[in-house]
Amino acid sequence: MNIKNYNELSSLELDTLKEIGSIGTGNAATSLSSLIGKPVRIQQPEVRIMGYNEAIEWIGGPEEITAGVLVGMSNQLSGIMLSVQQLDFVKLVAESMLNEQVESYEQIRDMERSALTEVGNIMISTFINALTGLAGIDIDLSVPAFTVDMQGAIMAVPMAMYGGQSDYIMTIGGDFVCNGKQIPCRLLLSPDIRSLNFLLRKLGVDSGE
Amino acid sequence: MTVENKITIGIADMKMAKDSGMLITYALGSCIGICLYDQRIKLAAMVHIMLPLNMEPGRKNTFKYADTGLRETLRLMESKGASRARITAKIAGGAKMFELSGGNLGNIGQRNIESVHLNLKKEGIQLLKEDVGGSVARTLLFDPATGLGCVRCYGRKELII
């Protein structure tokens with residue numbers, strides 16, 4: 001039986017998705033670590049199924065400014081993946097890769113933009129690589145897109161994409177810890193419902209059969 | 001614009017205010033905030049729609065969509081004494097947050113703008129002002145006392161509409 005809405009997932013299915021989050025985020029952390037030359041650990045990733053307005057409160061208020069990298073997924077799994085990069089993450093990347101002090105988002109120019117886009121892209125790609133290996137499926141990724149704006153509007157991108165299918169949004173992801181400091185880089189995987197069913201079937205946790 | 005007595009409208013939500021208070025909806029990306037206003041009785045409504053067309057079976061979630069959201073809001077305003085002939089509209093939003101090449105994403109913002117325009121026309125509501133499109137997120141405020149709206153963006157001056 002296929003699920004029709006994210007909130008119908010069973011606890012076994014949620015655990016499976018959490019495991020994917022764990023492996024994916026772990027791989028992404030390793031690639032981040034080699035990019036910035038510092039050890040990076042991950043915190044227990046979470047799977048969250050939230051209503052729209054709840055999701056925006058969760059990420060820390062709608063008008064808060066943040067940087068974000070978005071990659072579209074197609075082929076056997078369709079959806080999008082977002083890397084939400086809050087200021088501490090931007091500072092870390094600028095300092096370790098460009099040897100620059102960044103204090104605010106206004107200081108993000110072409111060079112920083114390009115570095116942040118690429119870091120986001122590499123982390124997303126490693127996450128997806130882990131997922132394709134695990135599930136034995138093919139996923140094509142689009143060229144990454146970057147923006148700095150209100151995080152409410154950035155989070156609304158996956159919502160608007162699946163708004164016709166669901167009143168909920170599912171996110172899989174977690175935070176990083178670097179130099180003993182928690183870095184709120186959130187990697188959010190948002191597959192559409194059809195793809196989510198397909199993925200669960202491929203992983204052998206389809207609830208109905 | 002000072003903000004007191006804030007009345008916050010979430011995503012896929014609608015609220016009304018009469019005479020005073022400040023209607024506000026945050027971080028419109030591809031979504032659109034529609035302010036409807038009857039100047040004579042100072043009754044204002046704000047809807048935060050997310051998608052252009054309601055194609056859900058049963059058509060619940062009225063305020064999530066431009067077509068049903070607008071129609072339902074007008075109905076509720078009329079039941080509070082507003083007159084269709086006096087109601088005017090101001091809108092903001094419909095941006096494209098990420099520039100994706102090859103885009104299977106499509107441009108939801110643009111489709112929202114077109115649907116709101118079309119449905120306002122269909123309902124016979126005059127569109128007074130708008131701040132739509134582009135690639136910036138917008139916070140929209142509307143004051144029922146004056147009928148003035150205000151759009152707040154990152155890295156841009158406030159705009160009165």
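Take each of the peptides A:93-99, A:152-158, average the number of other beta-carbon atoms within 10 Å over its residues, and list them starting from the highest.
Output ranking for A:93-99, A:152-158: A:152-158, A:93-99.
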- Query: Given a cut-off of under 8 Å on Cα pairs at least six residues apart, what relative contact order in percent is computed for region B:1-55?
  - Reply: 38
- Item | In order through region A:47-64: 3J(HN,Hα) via Karplus (6.51 cos²θ - 1.76 cosθ + 1.60), integer Hz, x for Gly, Pro | 10, 10, 10, 10, x, 4, 6, 5, 4, 6, 5, 4, 7, x, x, x, 8, 4
- Cα-based Rg (one decimal) and Dmax (whole number) for chain B, in Å? 14.9, 49
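Expressed as a rounded percentage, what relative contact order does region A:22-130 have, with Cα pairs under 8 Å and six or more residues apart? Write out the running numbers ahead of the final one.
On the way: 111 pairs, mean separation 39.8, N = 109.
It rounds to 37 percent for region A:22-130.
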- What's the angle, to the nearest 10 degrees (0 to 90), between helix A:87-98's Cα axis and the longest principal axis of chain A? 60
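Can you give the FRET efficiency to the nearest 0.05 for A:Met111 and A:Asp15, using r as the Cβ-Cβ distance and R₀ = 45 Å?
Details: r = 42 Å, r/R0 = 0.93.
Efficiency at R0 = 45 Å is approximately 0.60.
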- Task: With a 1.4 Å probe and every protein chain left in place, work out the accessible area per residue of region B:6-160 in Å², rounded to a whole number.
- Result: 41
- Within the set B:Gly94, B:Gly58, B:Gly124, GNM on chain B using Cα springs under 10 Å gives the largest fluctuation to B:Gly58
- Item | Residues whose placed amide H lies under 5 Å from that of B:Val136, excluding near-sequence neighbours | B:Lys96
- Item | Taking N as its residue count, the alpha carbon Rg of region A:56-110 over 2.2 N^0.38 Å | 1.40
- Query: What percent do you get for the relative contact order of region A:7-202 when only Cα pairs under 8 Å and 6+ apart count?
  - Reply: 36
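Just for region B:6-160, what percent of DSSP beta bridges are antiparallel, to the closest 5? Show your work: numbers first, answer last.
Numbers: 33 of 43 bridges.
If I count the DSSP bridges inside region B:6-160, around 75 percent turn out antiparallel.
Using only C-alpha positions, report the orientation-averaged shadow area of the convex hull of chain A, nm², one decimal.
On the way: hull surface 42.9 nm².
Directional mean of the projected Cα hull area for chain A stands at 10.7 nm².
Regarding region A:69-190, what's the average projected area of the Cα-atom convex hull, expressed in nm²?
Numbers: hull surface 32.7 nm².
Its average projected convex-hull area is 8.2 nm².
Sorting check: for A:5-17, A:113-125, which peptide has the highest mean count of neighbouring beta carbons within 10 Å, and how do the rest follow? Each step should come with its number before you reach the end.
Working: A:5-17: 15.8, A:113-125: 20.8.
For the peptides A:5-17, A:113-125, the packing ranking is A:113-125, A:5-17.
Note the per residue figure in Å³ for the convex hull of the C-alpha positions in the protein assembly as shown. The partial results should precede the final answer.
On the way: hull volume 49.6 nm³, N = 370.
Output value, Cα hull per residue: 134 Å³.
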- Note on the structure: With the full set of protein chains present, the residues of region A:130-151 whose 1.4 Å probe accessible area falls by 40 Å² or more relative to the chain alone are A:Ala145, A:Thr147, A:Asp149, A:Met150
- Task: Run a plain Debye calculation on region A:1-86 (Cα atoms as equal point scatterers, no solvent) and give log10 I(q)/I(0) at q = 0.15, 0.21, 0.25 Å⁻¹, rounded to two decimals, same order as the q list.
- Result: -0.80, -1.41, -1.45
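Can you figure out the FRET efficiency of A:Glu118 with A:Lys4, using R₀ = 22 Å and their beta-carbon distance, to the nearest 0.05?
Numbers: r = 38 Å, r/R0 = 1.71.
So the FRET efficiency works out to roughly 0.05.
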- Message: Using only Cα atoms and rounding to the nearest 10 degrees, what angle (0 to 90) does helix A:193-202 make with the longest principal axis of chain A?
- Response: 80
- Message: Could you work out [θ]222 nm for chain A from helices alone, using -39500 (n - 2.57) per DSSP H run of at least four and dividing by all its residues? Round to the nearest 500 deg cm²/dmol.
- Response: -14500 deg cm²/dmol
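The values are calculated or read from the model by the stated rules, or taken from the named source; none is laboratory data. Predicted, not measured: the structure shown is a model, and the values here were computed from it. Cβ sites come from the backbone with ideal geometry, for glycine too, and all protein chains shown count toward neighbours. Heads up: the accessible areas ignore ligands, DNA and RNA and are worked out on the full protein's heavy atoms, side chains in. Shrake-Rupley method; radii C 1.70, N 1.55, O 1.52, S 1.80 Å.
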